[in-house]
Amino acid sequence: MNLHRAYRLLALFYTVLLLVGAIALLAGGGTALSLAQLALGAIAVVGLWGYILKRGFMNPRMWRPLAALLAVAAVVQLWAVLNLSLSGELLTWMLASAIFSVLLVVILYRYGDRDQALWATPEELEAARRLEALLEEGDGPLQAEASDGQRESRVTVTRDGDGFRASVTRRRHAERESFEERFHHPATLVFFLEKFAGVSVQDFTRPDAA
């Protein structure tokens, strides 16, 4: 069994657990806390399927906070199981929820990394291919400039090991700021350049070709 198949079986297992939990709630076997846990678990399973299928669901910014929330909830539930006198029903819900949250925390944290191809649009992926082709045409950096009338941006893009480095200088009136960012996937770099520097791939040239 390969890793991808194992992940699919894991996602199916979590999905079945959700269905069992939903049936238990409909049969009157749960509490308000159980309903909240089930709703949170349903969102987490959506992220799990997205991670396995390599598709972006919802907003990438939500998944790491959700992973942190699940981690905190698991710790609180384990503390409650060990230190409080709970009914058998509540004890079962809390213990199961805490145990099955552990792997979800790890997967959702990875899923929430914006620097992945799965969060890129088709247009960003196409622009990323053109950017990589430009970088492969020579050894030097690529440079681009953009201006919207009020703000000017100057960007230098280079290879940085297995990733990419973007150096950005922005000027607006008398203000000037410079910063650098590193990326693993070129599509994320394209998104960053368009959003924060107003630069597209077709704006790039080599300094010696300008």
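The values are calculated or read from the model by the stated rules, or taken from the named source; none is laboratory data. From a predicted model like this one, the values you see are computed outputs, not experimental measurements. Don't worry about glycine lacking a Cβ; one is built from the backbone with ideal geometry, like all the others, and counts go over all protein chains shown.
The set of residues in region 103-147 being in contact (Cβ under 8 Å) with a residue 60 or more places away in the chain, in a helix (DSSP H, G or I) and under 14 Å from Ser200 (Cα atoms) consists of Glu124, Leu125, Ala127, Ala128, Arg130, Leu131, Leu134. Among the candidates Leu82, Leu70, which residue alone is in a helix (DSSP H, G or I), touching a helix residue (DSSP H, G or I) at 6+ places or on another chain (Cβ under 7 Å) and either of a type in the set (Ser, Thr, Tyr) or free of Cβ contacts under 8 Å to residues at least 40 places away in the same chain (or both)? Every option except Leu70 fails the conditions. Restricting Ala146, Ala73, Ala128 to those that are of a type outside the set (Val, Ile, Thr) and not assigned by TED's automatic domain parsing to the domain that holds Arg172 reduces the list to Ala73. Considering region 70-93, the residues that are surrounded by 16 or more Cβ atoms within 10 Å (Cβ to Cβ) and under 16 Å from Ala36 (Cα atoms) include one that is farthest from the chain's Cα centre (by Cα), namely Leu90. All conditions but one from (1) at pLDDT 90 or above; (2) part of a helix (DSSP H, G or I) apply to Arg55; the one that does not is (2).
Step by step: first the residues of region 104-143, then only those that are small (Gly, Ala, Ser) and under 28 Å from the mean Cα position of the chain (by Cα), then the one that is farthest from Trp49 (Cα to Cα). Which residue is that? Taking the candidates together, the pick is Ala133. Is there a residue being under 27 Å from the mean Cα position of the chain (by Cα), surrounded by 20 or more Cβ atoms within 10 Å (Cβ to Cβ) and not aliphatic (A, V, I, L, M) anywhere in region 94-101? Yes, the conditions are met somewhere in region 94-101.
Kindly indicate the residue of region 17-52 that is more than 20 Å from the chain's Cα centre (by Cα) and either among the hydroxyl-bearing types (Ser, Thr, Tyr) or at pLDDT 90 or above (or both) and also nearest to Ser87 (Cα to Cα) among those meeting that condition. Only one residue fits best here, namely Thr31. Scanning region 148-169 for residues that are within 21 Å of the chain's Cα centre (by Cα) and not in a strand (DSSP E or B) turns up at least one hit. Being modelled with pLDDT of 90 or more and either not assigned by TED's automatic domain parsing to the domain that holds Leu125 or not in a helix (DSSP H, G or I) (or both) holds for only one residue in Met94, Met62, Met1, and it is Met62.
Against the list (1) crowded, with 19+ Cβ neighbours inside 10 Å; (2) β-branched (Val, Ile, Thr); (3) touching a Pro at 6+ places or on another chain (Cβ under 7 Å), the condition Val168 fails is (3).
Inspect region 34-51 for any residue being part of a loop (DSSP other than H, G, I, E, B) and farther than 30 Å from Pro122 by Cβ and give the result as yes or no. Checking region 34-51: not a single residue is part of a loop (DSSP other than H, G, I, E, B) and farther than 30 Å from Pro122 by Cβ. Against the test of being assigned by TED's automatic domain parsing to the domain that holds Ala144, closer than 15 Å to Pro141 by Cα and not basic (Lys, Arg), the options Val201, Val190 yield a single qualifying residue, Val201. The set of residues in region 124-144 that are surrounded by 14 or more Cβ atoms within 10 Å (Cβ to Cβ) and either among the hydrophobic types (A, V, I, L, M, F, W, C) or modelled with pLDDT under 90 (or both) comprises Leu125, Ala127, Ala128, Leu131, Leu134, Leu135, Leu142, Ala144.
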